[in-house]
Amino acid sequence: MKKLILSVLLLNLLAACGSNPPKEEAMEPATTSAAEMSNAEAEAQAAADAQAAADAQAAAEAEAAMLEKNSVYFPFDVDAVQDADRETIVNHAEYLASHPDAKVRIEGNADERGSSEYNLGLGQRRANNTKRALVLGGASDAQIETISYGEEKPRCSEHNEACWAQNRRADITYSAK
Amino acid sequence: MRRWLLLCLMAFMVPAHAVLNIEITGAGEHQTPVSLVRFAGDVAIARGLLDIVGNDLVRTGLFKLVDPAGKSPHDPRDIRPSEWSGVEAVLIGSIESLAEGKVAVKFRLIDLVRNAELMSQVVTAKEDQVRAIGHRIADLVYERLTGSPGVFSTRIAYVSRDQGMYRLVVADSDGDNEQALLTSREPIMSPAWSPDGRQIAYVSFEKRRAMVYVQSLTSRQRTLIADFPGSNSAPTWSPDGARIAMVLTRDDESQIYLADSNGGHLRRITYSDAIDTEPSFSPDGKSLLFTSDRGGSPQIYRVSVDGGEVERMTFESGNAFSPRFHPDGKSFVFAHFSDGIFHIAVYDLDSRQTQILTAGGWEKKPSYAPNGKMILFASEVQGRGILATVSSDGRVKQKMVAQRGDIREPMWGPFLK
């Protein structure tokens, strides 16, 4: 079952890699509503310039924003990367592929429903599977270190599902050069 | 670095007093009525001793303390059994001050039913070792009256987490006299005692991932014994102290390995594509119990230390974690997780029956006292981790609530040789 989920994700990943996912889709510059101006041509030119500048800035911001989303989440006692996190994986895999000098550390975590040692193993598995997904997406093995904190560093410490869901995750963090 | 070391040493030498509230529930099937008479000699020391012996005995649930009601014999000849109706044994003694701040404590345990002396001993120690003397006396009283050695002189280890600081703590079995062996801003896990009680192996994240260290309690020197890529964890000593079993993820999955106690001569024991963890040696050193999810959910399995075939032990609904053999090797204790709560449970190898010992809650990481009569585990009160014990028959329960901090990962130490 776990392996099936993973392989479905990998298929999706491969498909995503082939089709170069559009990165600009969310970028609607906020300064294009000057509809009352009388000189239509000047208006169009100004709008185009603004658009180009905004696009460049937006692309840089988008890349930063994409990489800022650096956690993937897991259901209870599951270690397969979920389809819901496909975009996060694709973004980081592509970034790593295009920046061969970049290095990441993946920290696996678990909720507290298990022994601390079992959870350490589960967190490691989550980190390892996240790494596999990144490598399949184009990152290289040598760019990625995996470790586990198990249940030792909970983001949230109450005994409820809302909390546990936050703690069942793997964090992808870039090493400072 | 040097300052950090110094801080650790200071923490070790200046023990913070653990302010513990101990709550006991339940009682043994039979409670032996015992009278403790305050010893002759230095009144302050005598009071201190009486408190420690009394608390130790009461906490087992196996004894009822009977007030001597003004009688204060210090010699067996002064005891008239007719004056002690309802009392089965009486402890008497005296304290003699010696040179260089030492004291000699003489004590005798009299069986009032058979009118016989059960023991007569002298312990010499420094005045500031009153606690140790008290625990020693309680051990001997317990042994004479129950037939099993007492464990009041043994020690426990646990991890305390308070305001982002982790401490590896060693304390007396009653939770008092705590001393920090290691203080760190990163997590500490899974303390494990060497069979001679002189070293502790543990997992520390101080180098930003789980690595296994072995540290001497006397010299405080420590050795990093496993720092393979990924996680290095779950150390446990073989009964002869020569080897350590631990869990490494260097070959991807968490698998069990055996090494010399310095980490050398590493040999892989389990081969699965599952999480195999929490190894625990059988008392004869020939096999290991461990937690594995190879069957789909975490359960307890057994494997020979030579590797080979693996036998599944538990078939519980829910999950089973953290197995530890009873010192007699005939049963093991584990943490059972079902319907959202943990219980401490015992599995009997002959009858293949599981007995739930506790009411349930956030109860994890059980370990036996070395006499097999009590189980120490991590529990919780109002969201804070605490130490708790339960007698191995499930009758007597005890919670030790510290004033602050979060206590985790307890492990009962061995008899001190």
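Each of the chymotrypsin sites (Phe, Trp or Tyr not before Pro) that DSSP puts in a loop and that has at most 15 other Cβ atoms within 10 Å breaks chain B; the longest unbroken stretch is B:1-270.
In plain terms, chain B is cut at each of the GluC sites (Glu not before Pro) found in a DSSP loop with at most 12 other Cβ atoms within 10 Å, and the longest leftover piece is B:101-308. Convex hull volume of the Cα atoms of the stretch B:172-239, normalised per residue: 99 Å³. Whole-Hz Karplus values for the stretch B:261-278 come out as 5, 9, x, x, 6, 5, 9, 7, 9, 9, 10, 9, 9, 10, 7, 10, 8, 6 Hz, taken residue by residue from phi with 6.51 cos²θ - 1.76 cosθ + 1.60 and θ = phi - 60°; glycine and proline positions read x. In this view, the solvent-accessible surface of B:Ser94, computed with a 1.4 Å probe and all protein chains in place, comes to about 40 Å². Amide H to amide H distances under 5 Å link B:Gly413 with B:Arg155, B:Ile156, B:Ala157, where only residues 5 or more positions off or on other chains count and H is placed in the peptide plane.
Looking at the stretch B:155-412, the accessible area is 35 square angstrom per residue; that uses a 1.4 Å probe and ignores ligands, DNA and RNA.
In this structure, the pairs whose alpha-carbon distance is over 25 Å, taken from B:Lys102/B:Lys399; A:Lys153/B:Lys373; B:Lys64/B:Lys126; B:Lys365/B:Lys399, are B:Lys102/B:Lys399; A:Lys153/B:Lys373; B:Lys64/B:Lys126. Accessible area per residue was computed with a 1.4 Å probe on protein heavy atoms; B:Ile356 scores about 80 Å². For the stretch B:22-146, the spread of Cα positions along the three principal axes, ordered from largest to smallest, is 45, 36, 24 Å.
Of interest is the spacing of the C-alpha centroids, which for the stretch B:108-146 and the stretch B:366-382 amounts to 25 Å.
Look at the alpha carbon pairs under 8 Å that are at least 6 residues apart: their mean separation over the length of chain B gives a relative contact order of 13 percent.
Once the partner protein chains are put back, the stretch B:184-226 shows a loss of at least 50 square angstrom of accessible area, versus the chain by itself, at B:Met189, B:Phe205, B:Arg208 (probe 1.4 Å, ligands and nucleic acids excluded).
A Cβ-based charge dipole, computed about the Cα centre of the protein assembly as shown with Lys and Arg at +1 and Asp and Glu at -1, lands at about 2440 debye. Two decimals, Cα atoms only, Kirkwood Rh: what is Rg/Rh over the stretch B:110-176? So for the stretch B:110-176, dividing Rg by the Kirkwood Rh gives 1.16. Using only DSSP helix segments of four residues or longer, with each worth -39500 (n - 2.57), what per-residue ellipticity at 222 nm results for the protein assembly as shown after dividing by its residue count and rounding to 500? Computed ellipticity for the protein assembly as shown at 222 nm equals -7500 deg cm²/dmol. Taking amide H atoms as placed 1.01 Å from N in the peptide plane, the amide H of B:Ile386 lies under 5 Å from those of B:Ser379, B:Glu380, B:Val381, B:Ile407, each 5 or more residues away in sequence or on another chain. Per the Debye formula on identical point scatterers at the alpha carbon atoms of the stretch B:205-330, with no solvent, log10 I(q)/I(0) at q = 0.12, 0.17 Å⁻¹ is -0.44, -0.86. With bins 10 Å wide beginning at 0, the percent of Cα pairs of the stretch A:89-177 falling in each bin runs 20, 43, 27, 10, 0.
3J(HN,Hα) along the stretch A:50-58, derived from phi through the Karplus expression 6.51 cos²θ - 1.76 cosθ + 1.60 where θ = phi - 60°, amounts to 4, 4, 5, 5, 4, 4, 4, 5, 4 Hz, with x in place of Gly and Pro. Comparing each chain alone with all protein chains together (probe 1.4 Å, DNA, RNA and ligands left out), the residues of the stretch B:259-303 losing at least 10 Å² of accessible area are B:Asp273, B:Ile275, B:Thr277, B:Glu278, B:Asp293, B:Gly296, B:Pro298. Our analysis of the stretch B:340-395 gives Rg over Rh at 0.98, with the two radii drawn from alpha carbon positions and Rh computed by the Kirkwood formula. With a 1.4 angstrom probe, the accessible area lost at the A-B interface totals about 2600 Å².
Measuring spread by the Cα atoms of the stretch B:155-412 yields a radius of gyration and Dmax of 17.0, 48 Å. Based on Cα atoms of the stretch B:266-417, Rg over Rh with Rh as the Kirkwood radius reads 0.97.
Close amide H partners of A:Lys153, meaning residues 5 or more places away or on another chain with modelled amide H under 5 Å apart, do not exist here. Each residue of the stretch B:375-392 in order: what ³J(HN,Hα) in whole Hz does its phi give by Karplus 6.51 cos²θ - 1.76 cosθ + 1.60, θ = phi - 60°, with x for Gly and Pro? With coefficients 6.51, -1.76 and 1.60, one gets 10, 9, 8, 8, 10, 8, 10, 6, x, 10, x, 9, 8, 9, 10, 9, 5, 5 Hz.
Its residue count N sets the reference 2.2 N^0.38 Å, and the alpha-carbon radius of gyration of the protein assembly as shown equals 1.21 times that reference.
As a fraction of the 1.4 Å probe accessible area of the protein assembly as shown, surface on carbon and sulfur atoms comes out at 50 percent.
The values are calculated or read from the model by the stated rules, or taken from the named source; none is laboratory data. Remember, it's a predicted structure, so these values are computed and weren't measured experimentally. No Cβ is skipped: glycine too gets one built from the backbone with ideal geometry, and neighbour counts run over all protein chains shown. Heavy atoms of the whole protein, side chains included, go into the accessibility calculation; ligands, DNA and RNA do not. Shrake-Rupley method; radii C 1.70, N 1.55, O 1.52, S 1.80 Å.
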